[in-house]
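The structure appears right after this line, and notes come after that.
The values are calculated or read from the model by the stated rules, or taken from the named source; none is laboratory data. As the structure is a computational prediction, the values presented were derived from the model and not from experiment. Reconstructed Cβ throughout: ideal geometry from the backbone, glycine too, with neighbour counts over all protein chains shown. These area figures cover heavy atoms from the full protein model, side chains too; ligands, DNA and RNA do not enter into them. Shrake-Rupley method; radii C 1.70, N 1.55, O 1.52, S 1.80 Å.
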Amino acid sequence: MLAASIVLIFLFSYGFTNEEVGAKVGAYAPNITLTSNGKTVDIEKYRGEYVLLSLWSSYDASSRLRCNDYNAYVKSSALKGEKSINYLSVNLDDNEKLFNEIVRLDNLNTDLQYFAGESKRSLIDKFYNLNSGFNTYLINQAGKIVAINPTVDELNLLNP
């Protein structure tokens, strides 16, 4: 009886929260913490700034192409001396060697690339519903998703 009461209280309170979390525009972006190649990243660290979170795989051509486009955008912004959007690129392949080879072949900025690995992939899948595809999320200063798969032209209109 006590357990049933706790579950009902939880469900009741959850149903009336204003802070929806998920992988859709208007929802709060689920937090991800990753350690890869000796680097740790936590999306929460970027609260107060725009973040472009790219989830990609070498076997998904459209996500890999977007990753390359965003990498070029960030590189171009840095060369112009502009403040760029914080870019975090998370690879969801099964094989870290393949990930490292793709990063090398595509000439991606290694400082911005993270390999999720099998243990984090299931968590990311749960939060970002990878069954619907690999996407890139533009997250605003408050931590809300404001665009999915934005174009570079759309990013250029943004003044972070």
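When you check Lys75 against the structure, is it farther than 23 Å from Asn129 by Cα, part of a helix (DSSP H, G or I) and free of Cβ contacts under 8 Å to residues at least 40 places away in the same chain, yes or no? Give the derivation first.
Values: farther than 23 Å from Asn129 by Cα: yes; part of a helix (DSSP H, G or I): yes; free of Cβ contacts under 8 Å to residues at least 40 places away in the same chain: yes.
The answer is yes for Lys75.
Within the stretch 92-111, count every residue that is more than 15 Å from Ile124 (Cβ to Cβ) and part of a helix (DSSP H, G or I).
Step one: of the stretch 92-111, the residues more than 15 Å from Ile124 (Cβ to Cβ) are 95-98, 100-111.
Remaining after also requiring part of a helix (DSSP H, G or I): 96-98, 100-105, 110-111.
Looking only at that region, the number is 11.
Listed here are the residues, each with its yes/no results for (1) without any contact (Cβ under 8 Å) to a residue 60 or more places away in the chain; (2) of a type outside the set (Phe, Trp, Tyr); (3) open to solvent by 70 Å² or more (accessible area, probe 1.4 Å); (4) not in a helix (DSSP H, G or I).
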site	(1), (2), (3), (4)
Glu82	yes, yes, yes, yes
Val90	yes, yes, no, yes
Arg121	yes, yes, no, no
Ile145	no, yes, no, yes
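Condition first: under 15 Å from the mean Cα position of the chain (by Cα), in a loop (DSSP other than H, G, I, E, B) and either surrounded by fewer than 15 Cβ atoms within 10 Å (Cβ to Cβ) or on the phi > 0 side of the Ramachandran plot (or both). Now tell me which residues in the stretch 147-160 satisfy that.
So the first thing to find is which residues in the stretch 147-160 are under 15 Å from the mean Cα position of the chain (by Cα), and the list is 147-150.
Narrowing further to those that are in a loop (DSSP other than H, G, I, E, B): 149-150.
Within the stretch 147-160, Asn149 is the sole residue that qualifies.
Answer with yes or no whether Leu65 is within 11 Å of the chain's Cα centre (by Cα), modelled with pLDDT of 85 or more, of a type in the set (A, V, I, L, M) and closer than 15 Å to Leu108 by Cβ. Give the steps one after another, and end with the answer.
Working: within 11 Å of the chain's Cα centre (by Cα): no; modelled with pLDDT of 85 or more: yes; of a type in the set (A, V, I, L, M): yes; closer than 15 Å to Leu108 by Cβ: yes.
The answer is no for Leu65.
If you take the residues in the stretch 107-119 that are of a type in the set (A, V, I, L, M, F, W, C) and without any contact (Cβ under 8 Å) to a residue 60 or more places away in the chain, which one is farthest from Ser63 (Cα to Cα)? It would help to see each step written out before you state the result.
Step one: filter the stretch 107-119 for residues of a type in the set (A, V, I, L, M, F, W, C), giving 108, 112, 115-116.
Restricting the remaining residues to those that are without any contact (Cβ under 8 Å) to a residue 60 or more places away in the chain gives 108, 112.
Values: Leu108: 14, Leu112: 16 Å.
Only one residue tops the list, namely Leu112.
When you scan the stretch 10-50, how many residues do you find that are under 19 Å from the mean Cα position of the chain (by Cα), open to solvent by 70 Å² or more (accessible area, probe 1.4 Å), modelled with pLDDT under 75 and not acidic (Asp, Glu)?
2
In the stretch 124-136, is there at least one residue being free of Cβ contacts under 8 Å to residues at least 60 places away in the same chain and outside any helix (DSSP H, G or I)?
No, the stretch 124-136 contains no residue that is free of Cβ contacts under 8 Å to residues at least 60 places away in the same chain and outside any helix (DSSP H, G or I).
Mind listing whichever residues of the stretch 73-111 are modelled with pLDDT under 90 and aliphatic (A, V, I, L, M)?
Selection gives Val74, Ala78, Leu79, Ile85.
Scan the stretch 38-47 and tell me whether some residue there is β-branched (Val, Ile, Thr), part of a helix (DSSP H, G or I) and either farther than 18 Å from Pro150 by Cα or touching a strand residue (DSSP E or B) at 6+ places or on another chain (Cβ under 7 Å) (or both). Break it down into steps so the answer makes sense when it comes.
Pass one, the stretch 38-47, residues β-branched (Val, Ile, Thr): 40-41, 43.
Next, from what is left, pick out any that are part of a helix (DSSP H, G or I): 43.
From what's left, either farther than 18 Å from Pro150 by Cα or touching a strand residue (DSSP E or B) at 6+ places or on another chain (Cβ under 7 Å) (or both): 43.
Within the stretch 38-47, one or more residues are β-branched (Val, Ile, Thr), part of a helix (DSSP H, G or I) and either farther than 18 Å from Pro150 by Cα or touching a strand residue (DSSP E or B) at 6+ places or on another chain (Cβ under 7 Å) (or both).
Can you tell me which of Phe115, Phe127 is in contact with an Asp or Glu (Cβ under 7 Å, 6 or more places away or on another chain) and either on the phi < 0 side of the Ramachandran plot or crowded, with 18+ Cβ neighbours inside 10 Å (or both)? It would help to see each step written out before you state the result.
Values: Phe127 fails: in contact with an Asp or Glu (Cβ under 7 Å, 6 or more places away or on another chain).
That would be Phe115, the only listed residue that is in contact with an Asp or Glu (Cβ under 7 Å, 6 or more places away or on another chain) and either on the phi < 0 side of the Ramachandran plot or crowded, with 18+ Cβ neighbours inside 10 Å (or both).
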